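One structure is given here, and the rest of the page talks about it.
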Amino acid sequence: MRRKPRFRPKVIVFSALVYAIAVLGEMISARADNNSRVLAASEPTETALVKVTIEYKEVNREGVLKAFFEDLKSPLGPHAKKFIEVADKYGLDYRLLPAISCMESTCGKRIIPESYNPFGWGIYGNTVTRFGSFDEAIETVGKGLAENYASRGLDTPREIAPIYTPPNHVNWLNGVSYFFSKMETLEGQI
């Protein structure tokens, strides 16, 4: 089974810069081609030099999740490290499972008693999937997302939503996206 590469924010930023440089290079090349048609072959043409500085910031993911859960008064705060461990193990965005838990159970505050299931995973009708602990739930759901979604190229909330919650995926997507944005804001502060 071929897994997608793990989510790395600095790689995305670098890729975006490389793309921008490539587009700029094409524009410069096109301008040079147009200029060469106008100028005689013996005349010098302009050469453009582009200086790019690539910067990235390491994100304190555990600090972000702890602050995120603390701000929302969630019982999942002590499990921040497990969320990151599972995300790394299965190549998921570290914000995905926390955002789903917040959408599905108000960040673990409203779950079926004794289920330790903040994800709504396997809960429909009278069927309830129960776990022995939050850590077990995080591990199982992370693995399930990797095998059932990410392995098929579905690794963003937008791609996951129609399958995870088919009856009302737009509302679910909006909620999960909201929690993603809260974590992104914290990334810039911590």
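Within segment 76-95, how many residues are among the aromatic types (Phe, Trp, Tyr) and assigned to a helix (DSSP H, G or I)?
Going through segment 76-95 one residue at a time, the tally reaches 2.
What pairs come out if I take residues in segment 91-118 that are under 21 Å from residue 184 (Cα atoms) and free of Cβ contacts under 8 Å to residues at least 60 places away in the same chain and pair them with residues that are among the aromatic types (Phe, Trp, Tyr) and surrounded by 24 or more Cβ atoms within 10 Å (Cβ to Cβ) whose C-beta lies under 8 Å away, six or more apart or interchain?
Close Cβ pairs satisfying both conditions: 97/83; 97/119; 101/119; 104/119; 105/119.
For (1) among the acidic types (Asp, Glu); (2) assigned by TED's automatic domain parsing to the domain that holds residue 97; (3) at pLDDT 95 or above, each residue gets a yes or a no:
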| position | (1), (2), (3) |
| --- | --- |
| 123 | no, yes, no |
| 136 | yes, yes, yes |
| 139 | yes, yes, yes |
| 152 | no, yes, yes |
| 157 | no, yes, yes |
| 182 | no, yes, yes |
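Only residues that are crowded, with 18+ Cβ neighbours inside 10 Å, of a type outside the set (Gly, Ala, Ser) and under 17 Å from residue 74 (Cα atoms): list them for segment 117-160, please.
Within segment 117-160, 117, 118, 119, 134, 138 meet the criteria.
All but one of (1) exposed (fewer than 15 other Cβ atoms within 10 Å of the Cβ); (2) at pLDDT 95 or above hold for residue 95, so report the exception by its number.
Of the numbered conditions (1) exposed (fewer than 15 other Cβ atoms within 10 Å of the Cβ); (2) at pLDDT 95 or above, the odd one out for residue 95 is (1).
The values are calculated or read from the model by the stated rules, or taken from the named source; none is laboratory data. The structure displayed is predicted, hence computed values, not measured ones. Glycine also receives a Cβ, built like all others from the backbone with ideal geometry; neighbour counts cover every protein chain displayed.
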